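Below is one structure, written out as structure tokens; comments come after it.
Coordinate-derived values only; no laboratory data. Every value quoted in this text rests on a predicted model; they were computed, and no experiment measured them. Don't worry about glycine lacking a Cβ; one is built from the backbone with ideal geometry, like all the others, and counts go over all protein chains shown.
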Amino acid sequence: MNILEIVVRPVGSSEEARYQELMQKHHYLRALPKIGETIWYVATWRDQWTAIGYPPEFVVTDPMAASSWQYWRNRWGKFVVIFDTHGKVKDIAGNY
């Protein structure tokens, strides 16, 4: 995966049901209603939705202050998202 191919864009009105369904199924907060001028975003890679969210708390207690986030794809493979000094993704390393 080339990180430069990842595009972050607003969720279109025709995609909102899919977004809510995926949030309900996979996100720890579940599906939340839009409040006020809320804009939902999706990251895509080659037109496929992709997301990883925050890492588990036992890995990173303060994700916004961390310089990297570690994830497990399965019991054998993990990957690390590495951030630059401005908090933007610099690299993704490991078995993803």
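Straight-line cross-link reach from LYS34 at under 15 Å between alpha-carbon atoms covers these aspartates and glutamates, not counting any fewer than eight positions away in the same chain: GLU15, GLU16, GLU21.
Here the residues THR38, THR44, ranked from fewest to most Cβ neighbours within 10 Å of their Cβ, fall in the order THR38, THR44. Here TRP69, TRP40 are placed in order of increasing Cβ neighbour count within 10 Å, fewest first, which gives TRP40, TRP69.
In summary, the lysines within cross-link reach of LYS78, defined as a Cα separation below 29 angstrom excluding same-chain residues under 8 places away, comprise LYS25, LYS88, LYS90. With neighbours defined as other Cβ atoms within 10 Å of a residue's Cβ, the residues LYS78, LYS25 order from fewest to most as LYS25, LYS78.
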